[in-house]
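The values are calculated or read from the model by the stated rules, or taken from the named source; none is laboratory data. Keep in mind the model is a prediction, meaning the values are calculated, not measured. Glycine gets a Cβ as well: all are built from the backbone with ideal geometry, and neighbour counts include every protein chain shown. Note: accessible area is taken over every heavy atom of the protein model, side chains too, but ligands, DNA and RNA are not part of it. Shrake-Rupley method; radii C 1.70, N 1.55, O 1.52, S 1.80 Å.
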Amino acid sequence: MRPFSRTRRGLVAAAVLAVVAAGATVALPRPAIANHLPYHDPSLPIPTRVADLLSRMSLDEKLGQMTQAERAAVSNADITNFRLGALLSGGGSAPSPNNATSWANMYDSFQNAALATPLGIPLIYGVDAVHGHNNVVGATIFPHNIGLGATRNPTLVQNIGRAVAEEVAGTGIDWNFAPCLCVARNDRWGRTYESFGELPEIPNQLSTFVTGLQTGNPAVLATAKHYLGDGGTTGGVDQGNTQLTEAELRAIHLPPFQAAVQRNVGSVMISYSSWNGTKLHGHQYLITTVLKGELGFSGFVVSDWNGIDQIDGAPGFTATEVRTAINAGIDM
């Protein structure tokens, strides 16, 4: 597989709150329009560069950077015009022909559209390479988490994360929506295979997948998901309601995410599920107070696919849902 696509310049996510570097030197591209600006200077501290960049951004540019679109739903012109900060490939969403070269060329095309904006902010591209770069024909496929959990082998899982990072980066992609650190408590849950195991100490130990993805060259941004309690819903109902006391939630479902934060995981994805009747996508206490405050998570929080639309229980996005999610602490 191709080691890097032509426009790849390191791991950079220009969101409203942060630029996240997952184990790589931040070296923003230098478009001719603004090649003298401080935020392009890799010798400056990241917070200084972020502050400079944010000071130059309009509200529309910030909104664009907070938006992630499915690759097939937008054109290159949309990326440029709406200042989109991120793209993703949903399940099975791939260029044609589906090979590493096509993926890298697709990434380059999208990235060039992002760099055509006045501030030249590169986008970040996410894929669900949860057990290998499984959307790409010919990629290496590894066992699902439930199989890896049975090994109780953190070193093996870290090495798998490293292998996945190399194949993902070989197609130009920056960001992996993995690992899933849910604690599956009821085997009737249809996504039990995504869990390393039913006891929190197992995903704690195997959060080494984060280190495998983010450490080394090339590095890929990792995502701890799905925060919080998706494996503990009553009756094992998918996207259901986790009915636990706070003490139980903290004892069973929080530790793997704490372990991931300690490994400097770059992003956290919110769960579709609810905690005692409140949708996680609107849960300010769990996202801002606990995750960002208590655990000290300094990366960025991303919604699950259209998860914000579930906050009010009715189909269709509303301004209230968006405000609720953003005020709860969702960054993208």
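Tell me, in nm to one decimal, what length is gained between Ser75 and Arg188 on full extension, where the rule is 0.36 nm per residue of separation less the Cα-Cα distance?
Working: separation 113, 0.36 × 113 = 40.68 nm, distance 4.03 nm.
Length gained between Ser75 and Arg188: 36.6 nm.
Largest to smallest in accessible area, the residues Arg250, Arg56 fall in the order Arg56, Arg250 (1.4 Å probe, all protein chains included). Multiplying the residue separation of Ala247 and Glu294 by 0.36 nm and subtracting their alpha-carbon distance yields 15.4 nm. Peptide packing for 78-89, 184-195, 105-116 was compared via the average number of neighbouring C-beta atoms within 10 Å per residue; ordered from the highest value, the list is 78-89, 105-116, 184-195. Compute the long axis of helix 100-115 from its Cα atoms, compare it with the longest principal axis of the Cα atoms of the chain, and write down the angle in degrees, 0 to 90, nearest 10. The angle comes out near 60 degrees.
Within 10 Å, Cβ to Cβ, of Leu280, how many net charges do the neighbouring residues add up to if Lys/Arg are +1 and Asp/Glu are -1? Please list the in-between numbers first.
Values: positive: Lys279; negative: Asp230, Asp304.
Its environment carries a net charge of -1.
A cut-off under 13 angstrom between Cβ atoms defines the neighbours of Asn135, and their net charge, with Lys, Arg +1 and Asp, Glu -1, is -2.
Using a probe radius of 1.4 angstrom, the carbon and sulfur fraction of the accessible surface of region 276-325 is 54%.
Taking other residues whose beta carbon is less than 14 angstrom from the beta carbon of Arg152, and scoring Lys, Arg as +1 and Asp, Glu as -1, yields -2.
Checking the a/c ratio against 1.5 first, then a/b against b/c, what shape does the Cα gyration tensor give for region 48-135? Verdict is prolate for region 48-135.
The Cα center of region 155-218 and the Cα center of region 277-332 differ in position by 23 Å. Heavy-atom accessible surface of the chain, averaged per residue, reaches 39 Å², computed with a 1.4 Å probe. Can you tell me the 0 to 90 degree angle between the C-alpha axis of helix 46-55 and the longest principal axis of the chain, rounded to 10? Tilt relative to the chain: about 70 degrees.
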